1. Just checking, which of ALA107, ALA69 is over 28 Å from PRO219 (Cα atoms) and surrounded by fewer than 24 Cβ atoms within 10 Å (Cβ to Cβ)?
2. Mind listing just one residue for me: the one in the range 78-104 that is of a type in the set (D, E, K, R) and in contact with a Lys or Arg (Cβ under 7 Å, 6 or more places away or on another chain) and, of those, surrounded by the fewest Cβ atoms within 10 Å (Cβ to Cβ)?
3. Are there any pairs, at least 6 apart or on different chains, whose C-beta atoms fall under 9 Å, with the first in the range 44-62 and aromatic (Phe, Trp, Tyr) and the second modelled with pLDDT of 90 or more and surrounded by 24 or more Cβ atoms within 10 Å (Cβ to Cβ), and if so, which?
4. Within the range 182-199, work out how many residues are surrounded by fewer than 21 Cβ atoms within 10 Å (Cβ to Cβ) and either among the β-branched types (Val, Ile, Thr) or over 13 Å from LEU120 (Cβ atoms) (or both).
5. What pairs come up if the first residue lies in the range 319-336 and is under 16 Å from THR284 (Cα atoms), the second is of a type outside the set (Gly, Ala, Ser) and outside any helix (DSSP H, G or I), and their beta carbons are under 6 Å apart, counting only those six or more places apart or on different chains?
6. Please go through (1) in contact (Cβ under 8 Å) with a residue 40 or more places away in the chain; (2) more than 18 Å from LEU61 (Cα to Cα); (3) of a type in the set (Phe, Trp, Tyr) for PHE103 and return the number of the only condition it doesn't satisfy.
7. Please find, within the range 21-32, the residue that is modelled with the highest pLDDT out of those that are farther than 18 Å from PHE150 by Cα and not hydrophobic (A, V, I, L, M, F, W, C).
Amino acid sequence: MSTGPGADSAPVRTATHDTTAERRGTFSSLRIRNYRLFFTGAIVSNTGTWMARITQDWLVLTLTGSSAAVGITTALQFLPMLLFGLYGGVLADRYPKRRILLFSQGALGLCGLALAVLTLSGHIQVWHVYLVAFLLGMVTVVDNPARQSFVSEMVGPEQLRNAVSLNSANFQSARLVGPAVAGLLIASVGSGWAFLLNGLSFFAPLIGLLLMRPAELHPSARPPRGKGQLREGLRYVAGRPELIWPIVLVGFVGTFGFNFPIWLTAFSDDVFHVGAGTYGFLNTLMAAGSLAGALLAAKRGSTRLRVLVGAAALFGVLEVLAAVAPSFWLFALLLVPIGMVGLTVNVTANSAVQLATDPEMRGRVMSLYMMVFVGGTPIGAPIVGWLTDEYGARVGFATGGLMTLAAAATVGLILTRAVGVKPRLRWHHGHPRFHLVRRHPEPALEPAA
């Protein structure tokens, strides 16, 4: 589909010096020392996190034999974000983000070590996993908005989009290694060692944070303590269509389209009858696609709402196709583009929302973003888990894809009206093409000066 001037013919925001080769490089933000330290520490801890995620899901399935139990574990981990996520954003705006991250990263490491001790001692029960998952979620309430908004303080506005994309590439690179290592550890020495390595991995980001040079940060103005800061953040988002509708879209995608722990365990165990090693391999294939999507996003110099809506729609279509794939290898190969397009949705929405937000509001806005994106999982995961148990993995996976596709179509239509464009069919050399043409002048999608 080709497009003319319309909803997102201009980027959400472009950097002033974006035309130089220095700014356009795929890894340009790594020239900044503080961000290099952050990035390096995150590689280690993200690898441990992926090892723990895969091990946790497989352990719960082994203990209970239920996909719904895997969904409950996932839901408990993200329930605190749904309940308290906005308060985490207020804290991220009010206190120094580096100090918050030193506390939160240390607490995440302790949770991993606790699960390791329980598993290695042979006392692990499913309620232990539920409890640790909930505690991880409570820490994430503060860690997520602080970590998301701290990126802009490390790199400044010119490199923000590149850094957001590289963060995703970092996360997905770890996803290539973590599941594979976890599968080998589960099969050879047991789940406890994977949990232990995850807990120890958090020393890396703590060291990176301690080695940073505070004078080289770009701290945003912190609002003083006072009433009404939470309501102020909600009013701020509600009055901006370029913020609220991308957040609504990723909410539906996160709630119904990103329940891969449920689907991949169910397809591995019930549909294709493979073991933990192959389950790790499926996660690695998704990670390979996600990594490719992140690196492509890092090369792009602008953020377009059209890309967000189109990627969300394609993501839903690919999930439906994977749900009905008749063979294991076709299913496995489809996970690569699913990972690539899903990552495109995540990076595009994240950078669009951050770039369209004033710095002093970024913690609260990103907490709302993360609350909607991952906080919907406590709603979606039990539903999808129940559908998967009752009607099979294929029905559960297809339902998630169809819900995502419907949300993309709805939000796409709303955004075209919000920014004053409409679709129009034109003929080009005998072939029909759709264009977006303006109804009236497009509102600015940049934060107010």
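1. ALA69
2. ARG94
3. TRP50/ASN198
4. The qualifying residues number 4.
5. Short answer, once both residue conditions are applied: PHE328/PHE272.
6. Every listed condition holds for PHE103 apart from (1).
7. Here the residue is THR26.
The rows are residues; the columns are (1) buried (at least 22 other Cβ atoms within 10 Å of the Cβ); (2) within 20 Å of TRP386 (Cβ to Cβ); (3) free of Cβ contacts under 8 Å to residues at least 12 places away in the same chain; (4) in contact with a helix residue (DSSP H, G or I) (Cβ under 8 Å, 6 or more places away or on another chain).
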{"site": "GLU242", "(1), (2), (3), (4)": "yes, no, no, yes"}
{"site": "LEU249", "(1), (2), (3), (4)": "yes, no, no, yes"}
{"site": "PHE256", "(1), (2), (3), (4)": "yes, yes, no, yes"}
{"site": "VAL274", "(1), (2), (3), (4)": "no, no, no, yes"}
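The values are calculated or read from the model by the stated rules, or taken from the named source; none is laboratory data. All values reported here derive from a predicted model rather than from experimental measurement. Heads up, the Cβs are rebuilt from the backbone with ideal geometry, glycines too, and the neighbour counts pull from every protein chain shown.
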